[in-house]
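K.L.:
One structure follows; several queries about it will come next.
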Amino acid sequence: MFGIYAKLSLSLQDNMNTAHQHPDFADIAYCYDGEIPAAIEQLIASEDFMKVVCKLFSPLGKDEIVGLLRSVRTAFDFRKRVVLPCFLQLLKGSEAEITFSGQEYLQEPGLVISNHRDIVMDPSLINYAMMLNDHETTAIAIGDNLLALPWVRTLVRVCGAFVVKRQEKTASAYAQLSSYISHIITEEHRSVWIAQREGRAKDSNDQTQESILKMFTFSGEGSFVQKLQRLNLIPTTISYEYDPCDYLKATELVRRRHQVDYKKAPGEDVFSMRTGIMGKKGRVHVNYAEPINAKLAEIEQRITRRNEQVEAVKQLIDREIFLGYHFFPINYVAYDLRFNTNEFAGRYTNEEKAAALQYLESRMALSNLEPEFRSELRDNLLAIYSNTLVNYLNATK
């Protein structure tokens, strides 16, 4: 379990998180080394955190785990001795098999921008690949809507997450976030992970949000494209064979369609986080595309209007993500069922089709929707598993 850290420690030990917190970013920054001991004590004081970590570190006793936590002095050490073992244990419990491609594009710090399925697992998988390839883990952008519990807020900051003020849509908030992302990449020489949009793509129709691209360039000098080039954007695609939250997303889509005043129930986000972490994922593939700086330069030469440049960059990132998809039998089955075709019948066996149908039925059974919405729920599940293929086909035309 700890084997991959043997050479990782040698290559990263001299590149630990020794930077000090910049005062301009104090309310959104992740934990720096000087803050780690106090943060660890806050976590130990949380009964909820200790329940989780004791379960993951079983058969160690509580006193042994507390001793382990208190021996942690740096952010690197926390990732090495606490986060990685927990992550590997979670992978084992969720039956996940992970593969990667494009790791050669991680040589230089950059902005890893990916499609978004799960707020915990997406950046965890990104960072797992970083660790396997002897790179410092990425800083992680996470919305403050997911940090209602104090111990969760402390934990994610110790893990290298910084806060995105989702509710504060002001110029000063955008400028602060933009400046911090740039600071991490260009001054701390560390990569940053961020989703291509606010919130998960509940129907798997991955589309880059233009406002996020504009936020990246809310600070600094130079043109729109030059500011993006300094961040070294690396479009990244995460493909899950099974999305543990698929039935939750499909149910929410129905609710939103029929309830104008729909609001999530208290604790719903926390339940989704837990489901995403613990649920079955099957095979998972992470693909890193080549950094797009050269293609950004082409856009700047070809297009002069800024709004048109934003749209062109959006389409570029989308296409790179679409081309990075990895497909599984359930994707092909869902496409053929959704569009009433046999176009991809050669990509799955009868047994695989039967297994996919059984899986979809089992997910529908978990939904709390009324029976009259069953057909709509099924359509949403088929869209969740086929939209990636739809987008890939459009990108290859």
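The values are calculated or read from the model by the stated rules, or taken from the named source; none is laboratory data. Quick caveat: nothing in here was measured; it's all calculated off a predicted structure. Counting neighbours? That spans all protein chains shown, and the Cβs are built from the backbone with ideal geometry, glycine included. Note: areas computed on protein heavy atoms with side chains; ligands, DNA, RNA excluded. Shrake-Rupley method; radii C 1.70, N 1.55, O 1.52, S 1.80 Å.
K.L.:
Scan the range 266-283 residue by residue and report those that are open to solvent by 20 Å² or more (accessible area, probe 1.4 Å) and either out of contact with any helix residue (DSSP H, G or I) (no Cβ under 8 Å at 6 or more places or on another chain) or of a type outside the set (D, E) (or both).
P.N.:
Those that are open to solvent by 20 Å² or more (accessible area, probe 1.4 Å) and either out of contact with any helix residue (DSSP H, G or I) (no Cβ under 8 Å at 6 or more places or on another chain) or of a type outside the set (D, E) (or both): P266, G267, E268, V270, F271, M273, R274, T275, I277, M278, K280, R283.
K.L.:
Here's a check for you: in the range 249-265, which residue that is touching a helix residue (DSSP H, G or I) at 6+ places or on another chain (Cβ under 6 Å) and surrounded by 15 or more Cβ atoms within 10 Å (Cβ to Cβ) is farthest from S204 (Cα to Cα)?
P.N.:
Once the filter is applied, the top-ranked residue is V254.
K.L.:
While we're on this one: Which condition from (1) of a type outside the set (V, I, T); (2) open to solvent by 20 Å² or more (accessible area, probe 1.4 Å); (3) touching a residue at least 12 places away in the same chain (Cβ under 8 Å); (4) in contact with a Phe, Trp or Tyr (Cβ under 8 Å, 6 or more places away or on another chain) is the one that D379 breaks?
P.N.:
It is condition (4) that D379 fails.
K.L.:
Next question. Report yes if S178 is at pLDDT 95 or above, open to solvent by less than 10 Å² (accessible area, probe 1.4 Å) and on the phi > 0 side of the Ramachandran plot, otherwise no.
P.N.:
No, not satisfied.
K.L.:
Any idea how many residues of the range 88-126 are among the hydrophobic types (A, V, I, L, M, F, W, C) and either more than 23 Å from Q196 (Cβ to Cβ) or open to solvent by 20 Å² or more (accessible area, probe 1.4 Å) (or both)?
P.N.:
So the count comes out to 8.
K.L.:
Which of the residues belonging to the range 204-243 are in a loop (DSSP other than H, G, I, E, B), open to solvent by less than 30 Å² (accessible area, probe 1.4 Å) and either under 22 Å from I184 (Cβ atoms) or at pLDDT below 95 (or both)?
P.N.:
Result: T208, T217, S219, N232.
K.L.:
Just for the range 284-312: of the residues that are open to solvent by 100 Å² or more (accessible area, probe 1.4 Å) and in contact (Cβ under 8 Å) with a residue 24 or more places away in the chain, which one is farthest from T138 (Cα to Cα)?
P.N.:
For the range 284-312, the residue satisfying everything is R306.
K.L.:
Within the range 185-224, can you find the residues that are acidic (D, E) and within 15 Å of the chain's Cα centre (by Cα)?
P.N.:
Matches in the range 185-224: E198, D206.
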